[in-house]
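This report refers to the structure that appears directly beneath it.
None of the figures in this text is laboratory data; all of them are computed from the coordinates on show. Note that this is a predicted model, so its numbers are computed, not measured. Every residue, glycine as well, gets a Cβ built from its backbone with ideal geometry; the counts of neighbours run over all protein chains shown.
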């Protein structure tokens, strides 16, 4: 398993619309090959900031398979309009025995 | 539930020692009031960077209870020697239906 870790800052006062859009976008991403799970959490110190955690079977399922598919444009079309800036995306590998 | 989210950058070539220290430190933090779970993951793009995710019952269980207890110094004594810089710590609140 590889964890996609994205910090998404949304436009002020758009959090309800963004969360509703993410619920629709989840239907798109959850059909992707290698998708495992998705969690969305909202910043306590910075309420316009969200943490998106997506589990993928492999790194390439996200970076090649999903990003290279038509579904990626559909995913982004739901949530992209609420982005204040480009999301910061990286990936993490579970440490054996600690994850 | 509140998620503590910490990005920890460790000194180069210290990752094995850091991971072993974190396993010991987990015994300390897991006894704290309100502790739920802990996960450690290692950066794919930046292998000296770790993502630490700790679930707490409430924000104050972390920021007041744990940080104000003697256990916090013990926790830090295990893992602090491997920090390249101060960890970046913030907190996230699960979005209902999406976390």
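General observations
- Scanning the range B:75-86 for residues that are surrounded by fewer than 16 Cβ atoms within 10 Å (Cβ to Cβ) and closer than 16 Å to residue B:51 by Cβ gives B:83, B:84, B:85, B:86.
- Candidate set from the range A:23-46 (those that are in a loop (DSSP other than H, G, I, E, B) and facing chain B (nearest Cβ under 10 Å)); member that is surrounded by the most Cβ atoms within 10 Å (Cβ to Cβ): A:44
- Test: residue in the range B:50-57 that is assigned to a loop (DSSP other than H, G, I, E, B), under 19 Å from residue A:95 (Cα atoms) and touching a strand residue (DSSP E or B) at 6+ places or on another chain (Cβ under 9 Å): no
- When the range B:8-20 is filtered for residues that are surrounded by 19 or more Cβ atoms within 10 Å (Cβ to Cβ) and touching a residue at least 60 places away in the same chain (Cβ under 8 Å), the ones remaining, listed by number, are B:8, B:10, B:18.
- Count of the range B:61-99 residues which are within 11 Å of chain A (Cβ to nearest Cβ) and either more than 13 Å from the chain's Cα centre (by Cα) or in a loop (DSSP other than H, G, I, E, B) (or both): 8
- Of the criteria (1) closer than 28 Å to residue B:60 by Cα; (2) in contact with a helix residue (DSSP H, G or I) (Cβ under 8 Å, 6 or more places away or on another chain), which one residue A:45 fails: (2)
- Criterion violated by residue B:20 - all others in (1) away from every other protein chain (no Cβ under 11 Å); (2) in a helix (DSSP H, G or I) satisfied: (1)
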